[in-house]
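Engineer: Just dropping this structure here.
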Amino acid sequence: MTLLGEAFPSRGSASAAEFVGQRVDKLGVVLAALAAVGLLFQPFATLKANRIVSGKALGVFDALPGAIAAPLVALILAAVLLALLRTRPTMRLAVGASALVGVLVVIGFVPAHLVSLDNPLARVAPASGFWILVFAFTILITDPIAKLNLGPSARVAALAAAAMIVGGILMSGLWSGLSVMKEYATHADSFWQDGARHVELSLSSLALAVLVGLPLGIACQRAPTLRDLALPVLSIIQTIPSIAMFGLMMAPLGLLAARFPLLGQFGIRGIGAAPAMIALFLYSLLPVVANVVVGLQQISAGVVEAARGMGMTERQRLLRVELPLAAPFVLTGVRVVLVQNIGLVTVAALIGGGGFGEFVFQGLGQSATDLVLLGAVPTIALAFVAAILMDALVEFIAGRRR
Amino acid sequence: MIEIDGVSRYFGASPAVENLSLFVERGSIVTLVGTSGSGKSTLLRMINRLIEPTSGSIRIDGRDTKTVPGEKLRRGIGYVIQGYGLFPHWTVARNIATVPNLLGWDATRIERRVRELLLLFGLDAAFDAGKFPHELSGGQQQRVGVARALAAEPSVLLMDEPFGALDPIIRAKAREDLLALQRRLGVTIVLVTHDMEEAIKLGDRIAIMDRGRLLQYATPAEVLARPAPGFVERLVGDSDRPFRLLSLTKVGEVAEPGEADGPSMAEDASLRDALSELIARGVDRLPVVAAGGAPRRRIALSAILARARLTP
């Protein structure tokens, strides 16, 4: 192409195509289209007379006073134009972040514009246009972050910055007029209780899985017969749907509690936290065990031979050489389990396990979308934060050696 | 001193090493040479009991290795393998300190010993000690591997293809360094190789193995001059054999009194080097200089050819 270009320097119709090829970002085109759809053809917010009835969809200029809507549209247009051009990743990151923060802040001004303060029943919720804009600008942020190839500590710092922005908006009360936050206001006590239970269930089942999975993984790596038996069994457990699994837990534990009432006093019953915990533990075993096995197997035979030849005992070899070298793999397994458990705990609410799933299922039962969101959004946030932190930890440990 | 006495090792019904006896003198280098599957590595690994002999006994400095727990035995024997098996998550210094740490030396003694070894192996004590193995060149990794094996001052060093992962130029240098080191420390070395050239260059004696049996155990000169019939003969019997023989003898041993013109040869150059020089210059004698200003002598083509003859 460049050869031809040099041989025939005349610029004609080719220059427009060339300009597009060289200066226009392909992802930017997709994002611009997405943002245009979100802004022009989808409602920015909905207004409902109360939490159950279906609402009225409103565009940006209907939902907001002109003095706020106009700058927002200008900001979005500027961001879209810059996203279309090929610019440095830091530039794209800055553009995406300011547009995203702009959209997140402005949604907070909608309720005051639409609803008078003496109408506590009316609900204002973000609508599809808002979500599409948030999605488009999130992609605009994640793409340059991936390109910048940030180190683990920089990624954690970026996460902290994002958390501070969202936390700041929440604390400021800017969003308190929004329907999800109104649901929060009525459920504030149980929200934190269920949140703590959610984290507790995710972490304790993970801890139990590591406690059992680590020795089991080591044994599997040492004894191929055990491995050939254990890994298929654990994979089959993984294929059981979560609702079926929670159901399966109820019967034996219920019988057990009926036979030995003492167990019931320790919380081991057909419903509640105990069956949820056991089910989550069973799901967690495969990723932990499989990653321990892989982590131990990838260690070069020479290293193991040298450890033996230097006169290390079996135990010294395991603790000083093999487990440290397998650690990044084991932690990858832990990451998978943690994110998976945070999601699965939601379903555990069905058998009285508690957690954010309580709001999801209550909301589903009452057809109250906002209540569903009150459970779903924190769950997603938790999983997201856990994934980023664990990834950073794995990279941090693996990066210090190799 | 290592005494290997009627040692066999069976894997299932097939023997890897069969009724093999070998005596390694204190402070000497013995090279175990053979094709893959000859049992040479199995024999080496039976010395430090990474593999237990099925029958027979091995004594190191008069002591039966079976009387010591395996781990304790191995902490007292240096071990170097192909690819070195350095611990990738430990610094160079900590790698070298592996055995002293296992033996429970105190920190200052370990630090002093590590510094000493880094110096001995031409590594920068301040700069290289904190590096991780992947940050070193192949040659440096090899030296760290040997330094780690020698850290606790073992009297015996076992090496399994220690130069196999090096490129040819660095390999030659590493062999020279090992010889110099061995002379300096007086450590007994058993070295496994599949390379006859290496076995001849490094070994005070060569043990040639095939299918678990010892076919010949002799000095390099004897193996080249009188190879055991059959496998050994084929192993050493290529066109290079006269040259290998020449490379074992120094110019000083063959030089005769008299004068000659041209650039002079050093007394400790090999006959192979001298022959190459004579051919290159197109002459049949060259002067020889002694280190201590001894009377002038010369090296003659005819004397070299006489030494290269395989049946004296």
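Engineer: Give the Kirkwood hydrodynamic radius (Å, one decimal) of the range A:20-178, defined as one over the mean of 1/r across all pairs of different Cα atoms.
Structural biologist: About 16.7 Å, per the Kirkwood formula over Cα pairs.
Engineer: What number, in nm² with one decimal, is the all-direction average of the projected area of the convex hull of the alpha-carbon atoms of chain A?
Structural biologist: 29.0 nm²
Engineer: Distances over 45 Å make up what percent of all Cα-Cα pairs in the protein assembly as shown?
Structural biologist: Value for the protein assembly as shown (Cα pairs over 45 Å): 51 percent.
Engineer: Moving on to the next point. Just need the relative contact order of chain B here, percent rounded to a whole number, with Cα pairs under 8 Å and 6+ apart.
Structural biologist: Values: 563 pairs, mean separation 58.4, N = 312.
In percent, rounded to a whole number, it is 19.
Engineer: Once amide H atoms are built 1.01 Å from N in the peptide plane, which residues 5 or more positions from B:A269, or in another chain, come under 5 Å H to H?
Structural biologist: B:V251, B:G252
Engineer: Is there a simple number for the mean count of other chain Cβ atoms within 10 Å of the Cβ of residues in A:316-327, and what is it?
Structural biologist: 2
Engineer: Convert each backbone phi in the range B:278-288 into a coupling constant with the Karplus relation 6.51 cos²θ - 1.76 cosθ + 1.60 (shift: θ = phi - 60°), then list the ³J(HN,Hα) values in order as whole Hz, x for Gly and Pro.
Structural biologist: 4, 5, 4, 8, x, 10, 10, 8, 9, x, 10
Engineer: Let me ask something else about it. Would you please give the residues with an amide H less than 5 Å from that of B:L32, counting only those at least 5 places away or on a separate chain, with H modeled from the backbone geometry?
Structural biologist: Under 5 Å from the amide H of B:L32 lie the amide H atoms of B:L191, B:V192, B:T193, B:A207, each far enough along the sequence or on another chain.
Engineer: Same structure again: Send over the Kirkwood Rh of the range B:244-307, from the inverse of the averaged 1/r over different Cα pairs, rounded to one decimal Å.
Structural biologist: 11.3 Å
Engineer: For the range B:133-211, build the convex hull from the C-alpha positions and give me its volume per residue in Å³.
Structural biologist: 107 Å³
Engineer: While we're here: Treating the range A:312-402 as a set of equal point scatterers at the Cα positions, no solvent, please give the Debye-formula log₁₀ I(q)/I(0) at q = 0.11, 0.16, 0.20 Å⁻¹.
Structural biologist: Taken in order of the listed q values, log10 I(q)/I(0) reads -0.48, -0.71, -0.89.
Engineer: Taking N as the number of residues in chain B, what is its Cα Rg relative to 2.2 N^0.38 Å?
Structural biologist: Here the Cα radius of gyration is 1.12 times the empirical estimate.
Engineer: Starting at the first residue of the range A:167-175, write each ³J(HN,Hα) from the Karplus equation 6.51 cos²θ - 1.76 cosθ + 1.60 with θ = phi - 60°, in whole Hz, x for Gly and Pro.
Structural biologist: My calculation for the range A:167-175 gives x, x, 5, 4, 5, 5, x, 4, 8 Hz in order.
Any read-out appearing in this document is the output of simple, stated calculations on the displayed coordinates, not a laboratory observation. Just so you know, these numbers come straight off a predicted model, no measurement behind them. Neighbour counts run over all protein chains shown; Cβ positions are idealised from the backbone, glycine included.
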